[in-house]
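Engineer: One structure, as structure tokens, below. Some questions next.
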Amino acid sequence: MAEYSEKTNVNDIDWNSWIPAERAVLCFIKVDNRLMLIHKKRGLGKGKVNAPGGRIEKDELPVDAAVRETQEEIGLTPYNLVEMGELHFIFTDGYSLHGVIFFADSYSGTPVETDEAVPFWCDIDKVPYEDMWEDDHFWLPLLLSGQKMKGYFIFDNDKMLSHCIEII
């Protein structure tokens, strides 16, 4: 909500009463020592590397959104999804987003480029953090090691101003 747009420290936010403008998902497909990532072609994070994902539709469960978005963005159907974490974002322009992160250990289909994303496999020890959102290098290694977490972030455009990670 816009009332948070003046805040620049995550400790100044009452996250228990916070209501995000939008809700979204990310779906990482991790098979063996490889991770399916995308070069995002449009929308929030355009030009960055991320996982398939997107907005949760009205009355849609987050896990269903993760499957749908992965199918729409890269043509794969992920299986055995496990919820690994939550992301809470406030942007100084007034936008806010709550995200749920899923990991899948298998899939069907063949990765395809769409108007939203260019998919690619990446070795887990070669994740291109320098091409991702600034917060990703704080939480993604935790999830890759099997830990679950909640992350809280304040951004000014692409610049992270404040963050807090809780292992759960």
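The values are calculated or read from the model by the stated rules, or taken from the named source; none is laboratory data. Owing to the predicted nature of the structure, the values given are computational and were not obtained by experimental measurement. Here Cβ is always computed from backbone atoms with ideal geometry, including for glycine, and neighbour counts include all displayed protein chains. Areas reflect the complete protein model, heavy atoms only, side chains present, ligands, DNA and RNA absent. Shrake-Rupley method; radii C 1.70, N 1.55, O 1.52, S 1.80 Å.
Engineer: In degrees from 0 to 90, rounded to the nearest 10, what is the angle of the helix 62-74 Cα long axis to the longest principal axis of the chain?
Structural biologist: Relative to the chain, helix 62-74 is tipped by roughly 60 degrees.
Engineer: In addition: Of the accessible area of the chain, with the probe set at 1.4 angstrom, what percent is carbon plus sulfur?
Structural biologist: On the way: 3980 of 8270 Å².
Here it works out to 48 percent.
Engineer: Using a 1.4 Å probe, what is the accessible area per residue for the range 1-129, in Å²?
Structural biologist: Details: 6320 Å² over 129 residues.
Dividing the accessible area of the range 1-129 by its residue count gives 49 Å².
Engineer: Follow-up question, since we're still on this one. What number, rounded to the nearest 500 deg cm²/dmol, is the helix-based mean residue ellipticity at 222 nm of the chain, given -39500 (n - 2.57) per DSSP H run of at least four residues and division by all its residues? Walk me through the intermediate numbers first.
Structural biologist: Details: 2 runs with 22 residues, N = 168.
That comes out to -4000 deg cm²/dmol.
Engineer: Shifting gears a bit: Give, in nm to one decimal, the length gained when the segment between LYS48 and ASN11 is fully stretched (0.36 nm per residue of separation minus the Cα-Cα distance). Walk me through the intermediate numbers first.
Structural biologist: Values: separation 37, 0.36 × 37 = 13.32 nm, distance 2.73 nm.
Going from the current span to full extension adds 10.6 nm.
Engineer: State the number of lysine pairs found in the chain whose Cα atoms come within less than 19 Å, restricting to pairs 8 or more positions apart or on distinct chains.
Structural biologist: The result is 10.
Engineer: SER108 to LYS41: FRET efficiency via 1/(1 + (r/R0)^6), r the Cβ-Cβ distance, R0 25 Å, to the nearest 0.05?
Structural biologist: Working: r = 23 Å, r/R0 = 0.94.
Computed FRET efficiency for SER108 and LYS41: 0.60.
Engineer: Then there is this: Could you order the peptides 25-34, 157-166 from most to least packed, using the average number of other C-beta atoms within 10 Å per residue?
Structural biologist: Details: 25-34: 19.3, 157-166: 13.3.
Peptide ranking by packing, descending: 25-34, 157-166.
Engineer: Full extension from GLU57 to TRP18: what is 0.36 nm times the residue separation minus their Cα-Cα distance, to one decimal in nm? The partial results should precede the final answer.
Structural biologist: Working: separation 39, 0.36 × 39 = 14.04 nm, distance 1.96 nm.
Taking 0.36 nm per residue and subtracting the Cα distance, the gain is 12.1 nm.
Engineer: Hey, another quick one. Gap in Å between the Cα centre of the range 15-44 and the Cα centre of the range 79-134?
Structural biologist: 4
Engineer: Beyond 15 Å, what share of the Cα-Cα pairs of the range 1-96 is found? Please give it as a whole percent. Don't jump to the answer; show the numbers that get you there.
Structural biologist: Working: 3017 of 4560 pairs.
In whole percent, the share of Cα-Cα pairs in the range 1-96 beyond 15 Å is 66.
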